[in-house]
Amino acid sequence: MYFKNIENLIENALRPVITDTPEGKGWRENIHVELTRDPAHGDVTTNAAMILAKPSGRKPRELAAMIEVGLKADENITDVEIAGPGFVNLRLKPAFWHARLGDILAAGELYGQSKIGQGQSVNVEYVSANPTGPMHIGHARGAVVGDVIANLLAYTGYQVTREYYVNDAGSQIDTLARSVYLRYRQALGEEIGAIPEGLYPGAYLIPVGEDLAQKYGDQWKNVGEDQWMTPMRQMVVTAMMDMIRDDLALLGVRHDVFFSEYQMTTEGKVGAVFNQLEQQRLIYVGVLNPPKGKKPDDWESRPQALFKTGNFGDDCDRPLKKSDGAWTYFAADIAYHHDKIARGHDLLVNIWGADHKGYVKRLQAAVDALSHGQTKLDIILTDLVHLSQGGQPVKMSKRAGSYVTVRDAIERVGKDVVRFIMLTRKNDQVIEFDLEKAVAQSRDNPVFYVQYAHARCHSLFRLAKETFPNADFSRAALLKADFSILTDDDELALMKKLADWPRVVEQATQAYEPHRCASYLYDIAAAFHALWTKGREEPGLRFLLPDDERVTRARLALVRGLCDVIASGLRIFDVKPVKEM
C-alpha cells in the first residue's frame, strides 16, 4: 500500500530523532498519511511532524523540514510543502497513480485485502437478542454492523468466529413460557380473553401454541406450572431461536456458534469462575454505596459478594452474588466471557445496543482480570433506528404487536437495502431509515447510487463490445493499456480515490467503523458519475471514443478498476454488486 511507502520514507528521514519512548515507538499508530481534502494542497498530507514533536523534543516545523528532505529524495514525489503548524503536503507524479491503477487491475476484487490481523483469533459476538420474539428493526442494525465488522476482520487477516449468546436462563424465559402456555390452551379451544399484563402479547406465539397442541394434545392442560414449566421453556426457546435464525438468514447473517446461557449455568460454570476469582483474592463481602440517581438492578444495601473490578479500571466494585445467594446477571456474563477466553481467542469484540453503555467498563475489567491482561475486549455500541415512510413513523407490526420486525423491513425494501442503510452512519449515531427514500432512484439513496455506478460500469463494457466487436477488453488486455493517456484532473482524482481503498479498509477494521467504507463507496460512485457527466459535456472525455480504440482501452481500464473496488466493498457488506438496473 503506497501510504506505507511514504511512512517508511518519513521514518528514515526522522530516524535520528525517533525516541524509545512509548510515544516514539507508537508513532505509526498516531500519524495520518492520507489524501488531501483540497487538491490545491497537493495529493497526500501527513501530520507526522506534529505527532513526533513532543517525544522528540523538537519543534513541529523543524521535523517537517527533515521530512521534506527525506521525501524529496523519492523519484515519485514532485513537490513537498510545509503548511500551517507542521503539516507536510506532497504531490506525486501522474505515473505513480497510473501504477496504482495497474495494482488494482492485477488484484481485481481482492484489492484492499491485507494481513494486518496476522492470523489472530477474534470472537465477534453480535445480535444476541433475547429469544422472546422476532427480531425488530433495532436488532437489524447490530446484526449488520457485527456481521460487516466480522467480514472486515476476516478480509484483513484475522481468524474470525461469529457468535450469538442465547439469553435463555433469565426470568424473561419464564414469562415467555407462561405466554406460550396461554396460547397452547387457546389452541385447545379454551377462551383466554385479553392477554394478562406482563405476558408477551404478540401474535407470533399463536402458531407456537398451535404446534404444541398438535404434538402433545391436552397433556399439560390440567397440570400445575411445576410440571409444564421446564419442558415449555425448552420448547419455546427452540421455537423462538428457529424464528430468529430465519430472520437472520433473511438478513444474510449466519453465526458459527450459538452459546446457551442456560446450559452454561446448569453446568456450574458460573460457580467455577466465582471460585477462580476467590482464589485470585478478587472477591470480598461488602456493601455498595448508594448510587446517585436511579438505582441499578444489582444494587442492595445488604452485604454481597463483590468483585474487585475497580482494580481493573471500573468505576467501582461489582456484586456477583446477592444477599440471598442468587447470582447477578454480571456473574453469568463473566462466566460466559471466561469461556470465550478459555477457547483461545486473542481478541473479543461485542456489538451491543447503546443502552448497555454503563456496562462496558465492568465487563472489560472482568476480562482483564480473568485473562491476566492477555485478552482484549472491545465493545461497540450501536444507537437506535428510526423507521419512517415518507417522513411519517411506520406503524407497529401486527404480528409482533409492539415493534417493526426485521422481516417487515426486508419485505418492503429488500435485504441489500436494509444492510447498506444500516452502515451509512457511525455506529453510535441514530439512523433515520425512511422506507420511501430507501427505494428512490436518486443520489439521495446511497444504495441505489453505488449500485448504479457498478451497473454503469458493466453497461460500458457491453457497449464497448458492440462498438469494437474485434477488440480485446479483457483484464489482461486492459493491464497492457497505455495509462499515460489518462491525464484529465478528474481521471487522476478518481485514480487517487481508488488507490485509497486498502487504507480505508484497514482504518475501518481497526476502528470498528464500517460506515467509513459506505462513505467511501458513495464518494467514488459520485466521482464516477461526475466524470460520466463531464464526458457528455466534453465529448473528447467520454469513456468510449468510437474512433480511438487506444484511448477507449485506457479509460475502460479505469472503469474496470472502479468496478473492482465497488464490488470488493459491496461483497464485504454482503450486498450484491448488480450488473444491470
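Return yes when Ala49 is in contact with an Asp or Glu (Cβ under 9 Å, 6 or more places away or on another chain), modelled with pLDDT under 95 and in a helix (DSSP H, G or I) and no when it is not.
yes
Hand me the list of helices (runs of 4 or more DSSP H) wholly inside segment 428-515 holding 3 or more residues that are of a type in the set (Val, Ile, Thr) and touching a helix residue (DSSP H, G or I) at 6+ places or on another chain (Cβ under 7 Å).
Per the criteria, 501-511.
Output the qualifying pairs, or none if there are none: Cβ atoms under 9 angstrom, residues six or more apart or on different chains, first residue in segment 120-141 and part of a helix (DSSP H, G or I), second residue of a type in the set (Gly, Ala, Ser) and open to solvent by 20 Å² or more (accessible area, probe 1.4 Å).
Matching pairs, first to second residue: Gly138/Gly353; His139/Gly353; Arg141/Gly353.
Can you name the residue in segment 423-478 that is of a type in the set (Phe, Trp, Tyr) and closer than 16 Å to Ala567 by Cα and is also most open to solvent (accessible area, probe 1.4 Å) among such residues?
Top of the filtered list is Tyr452.
Every residue in segment 81-94 that is touching a Leu at 6+ places or on another chain (Cβ under 8 Å) and either crowded, with 19+ Cβ neighbours inside 10 Å or over 30 Å from Asp490 (Cβ atoms) (or both), please.
Those that are touching a Leu at 6+ places or on another chain (Cβ under 8 Å) and either crowded, with 19+ Cβ neighbours inside 10 Å or over 30 Å from Asp490 (Cβ atoms) (or both): Gly86, Val88, Leu90.
Test each condition in (1) in contact with a His (Cβ under 6 Å, 6 or more places away or on another chain); (2) surrounded by 19 or more Cβ atoms within 10 Å (Cβ to Cβ) for Ala409 and report the one that comes out false.
Ala409 satisfies all of (1) in contact with a His (Cβ under 6 Å, 6 or more places away or on another chain); (2) surrounded by 19 or more Cβ atoms within 10 Å (Cβ to Cβ) except (1).
Could you tell me whether segment 521-539 includes any residue that is β-branched (Val, Ile, Thr), in contact (Cβ under 8 Å) with a residue 40 or more places away in the chain and open to solvent by less than 30 Å² (accessible area, probe 1.4 Å)?
yes
Restricting attention to segment 355-384, which residues are in contact with a His (Cβ under 9 Å, 6 or more places away or on another chain) and either within 19 Å of Ala335 (Cα to Cα) or open to solvent by less than 20 Å² (accessible area, probe 1.4 Å) (or both)?
Those that are in contact with a His (Cβ under 9 Å, 6 or more places away or on another chain) and either within 19 Å of Ala335 (Cα to Cα) or open to solvent by less than 20 Å² (accessible area, probe 1.4 Å) (or both): Leu363, Ala366, Val367, Leu370, Ser371, Thr375, Leu377, Ile379.
Of (1) outside any helix (DSSP H, G or I); (2) more than 30 Å from Asp564 (Cα to Cα), Leu90 satisfies all except one. Which?
Against the list (1) outside any helix (DSSP H, G or I); (2) more than 30 Å from Asp564 (Cα to Cα), Leu90 comes up short only on (2).
Within the bounds of segment 178-198, is there any residue that is touching a residue at least 60 places away in the same chain (Cβ under 8 Å) and surrounded by 15 or more Cβ atoms within 10 Å (Cβ to Cβ)?
no
The values are calculated or read from the model by the stated rules, or taken from the named source; none is laboratory data. What you see is a predicted model, and the numbers here were worked out from it, not measured in a lab. Please note: Cβ atoms are built from the backbone with ideal geometry, for glycine as well, and neighbour counts cover all protein chains shown. SASA here: full protein model, heavy atoms, side chains in, ligands and nucleic acids out. Shrake-Rupley method; radii C 1.70, N 1.55, O 1.52, S 1.80 Å.
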